[in-house]
Amino acid sequence: MTLISKWNFPTTILFGPGRISELPAVLKSAGIARPLFVTDPGLAKLPVVADTFAILDKAGVDYAVFSDVKPNPVESNLAAGIAAFKSGSHDGVIAFGGGSALDLGKLVAFQAGQSRPIWDFEDVGDWWTRADSAAIAPVIAVPTTAGTGSEVGRAGVLTNEATHTKKVIFHPKMLPVTVIADPELTVGMPKAITAGTGMDALAHCLEAYCAPGYHPMADGIALEGIRLVLENLPRAYADGTDIEARAHMMSAAAMGATAFQKGLGAIHSLSHPIGALYDTHHGMTNALFMPHVLDFNRPAIEERLERLAAYCGISGGFDGFRRKIMDLRTELSVPSTLRDLIPGLDMDEARRDLIAEMAIVDPTAGGNPVELTKEAALALLEKSM
Ligand code: NAD
């Protein structure tokens, strides 16, 4: 089976090993003459970035680099990115990296031309219509992790440091015009990042699949995405150079983000406040809550999970699938409790109360198949301790 193809759903994706070499041609066809290359400081030091610069240099592309991007990016990263975009008179963005750099790159291209504060564009109702859509610069997205699927998404996540909350900023034109999904770029991911990002892709597919509502396209995509993760994440984790497994994980990541337009759920509702308050890795945090949220949702999803298990060749329905998740977590050395995830964790009652309150108002809570009450959120937190 060839790993090379061209997809236009939900945007154009140039998929396959080696396709990063097409970046100059992609910029040209997007009409971007002077891109700002947005990445994070860790990646900026790695060969994967140097090799990409060599491709751009050879083609004579006139670009500049911005890499002041925290994992879980914050408003000051955005302000600095916008300043770089404006001072360099850039006309587009190459967003290159994991979800953090992709989101920040998308947010810079979006916000550089707006006059209202970024928080006015939170994903609430039709707030996105407040934006001047003609002023949004085009983005070419190049993922180097296989998890968030931000490359195919119309949103960027930004932490509001004043309120310690992660906010989703949405606009349809934030969707990158072209994605280069080259699995060779993910080969250098450390094991823990491979595990965490892969579990993020799984969480996206699983929550989308379990979310109530009629969306057979999302369901179908999520189902196959889950199968791809279960079969390929252990392989990519065991041997980071396994390009076929890396490629399938890259597909699963994009599929997760495509499917979650249907909805997410309590895994994310809990993971978001934990990430905002403790700066934990998003995917790893999702992995931690996954079995507890499955148990909580069981009455509403048992039959769905039976079909899912059968599709994935797992016997034992809901219990069989849950066992598979627990085995996968062990295989990938996912921390089994919040205390393992956050060394020295000090979470008193007031803090737990705050997290539960943040979880129930998180925009993802509405997609959970069982209502996430404050008591339920507290109980899930307790279990994860
Ligand atoms: P990340 O982007 O924060 O990167 C984690 C670490 O991995 C960084 O240190 C980075 O330098 C390193 N890294 C990335 N690629 C590498 C490679 N190929 N080789 C070696 N090191 C590499 O991690 P992530 O999980 O991809 O993204 C998490 C972020 O994405 C969070 O901010 C989260 O809120 C956001 N997110 C966004 C969406 C969305 O729909 N837009 C969805 C989920 C999560």
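Here, each number is a calculation from the coordinates, and none is a lab measurement. No experiment lies behind these values; they were computed from the predicted model shown. Using ideal geometry, Cβ is built from the backbone for each residue, glycine included, and neighbour counts are taken over all protein chains shown.
Take the Cβ-Cβ distance between residue 350 and residue 326 as r, set R0 to 30 Å, and report the resulting FRET efficiency rounded to the nearest 0.05.
My answer for the efficiency is 0.45.
Based on Cα contacts under 8 Å between residues 6+ apart, the chain shows a relative contact order of 15 percent. Extension gain, residue 315-residue 116: 0.36 nm per intervening residue step, less the Cα-Cα distance, totals 66.3 nm. Calculated [222 nm] ellipticity per residue, helices only, for the chain: -16500 deg cm²/dmol; basis is -39500 (n - 2.57) per DSSP H run with n ≥ 4, divided by all residues, nearest 500. Here the mean projected area of the convex hull built on the C-alpha positions of segment 285-385 is 6.8 nm². Expressed per residue, the C-alpha convex hull volume of segment 12-186 stands at 103 Å³. Between residue 129 and residue 383, the contour length at 0.36 nm per residue exceeds the alpha carbon distance by 87.4 nm.
Ordering 312, 205, 210 from the fewest to the most neighbouring beta carbons within 10 Å gives 312, 210, 205. Once backbone amide H atoms are built at 1.01 Å from N, residue 167 has 158, 159, 160 as its partners under 5 Å, excluding neighbours fewer than 5 places away on the same chain.
In this simple spin-label approximation, residue 57 and residue 337 carry label points 7 Å from Cα along the Cα→Cβ vector, and these lie 5.1 nm apart. Of all lysines in the structure, the ones whose alpha carbon falls short of 21 Å from that of residue 262, not counting any fewer than 8 places away in one chain, are 166, 167, 173. Please state the shape class of segment 191-384: rounded when a/c is under 1.5, otherwise prolate if a/b exceeds b/c and oblate if not, all from the C-alpha gyration tensor. Oblate shape, in that a/c is at least 1.5 and b/c is the bigger or equal ratio. Taking other Cβ atoms within 10 Å as a rough exposure proxy, 209, 63, 214 sort from fewest to most as 214, 63, 209. Footprinting exposure proxy ranking of 193, 221, 55, fewest other C-beta atoms within 10 angstrom first, gives 55, 193, 221.
Across 178, 197, 148, mean-square fluctuation computed from a Gaussian network of the chain (C-alpha pairs under 10 Å connected) peaks at 178. Partner lysines whose Cα lies under 29 Å from the Cα of residue 58, excluding those fewer than 8 positions away in the same chain, are identified as 6, 28, 45, 86, 106. Here the label points at residue 5 and residue 298, each 7 Å from Cα along the C-beta direction, are separated by 3.7 nm in the simple model. Counting only whole DSSP H helices of the chain, the ones at least 27 Å long by C-alpha along their axis and with mean Kyte-Doolittle hydropathy no lower than -0.5 are 191-210, 216-238, 282-311.
By DSSP, the beta bridges lying fully in the chain are antiparallel in about 35 percent of cases. Taking label points 7 Å from Cα along the Cα-to-Cβ direction, residue 192 and residue 65 give a separation of 2.4 nm.
Diffusion coefficient of the chain by Stokes-Einstein, Kirkwood radius over Cα pairs, 37 °C, 0.692 mPa s: 158 µm²/s.
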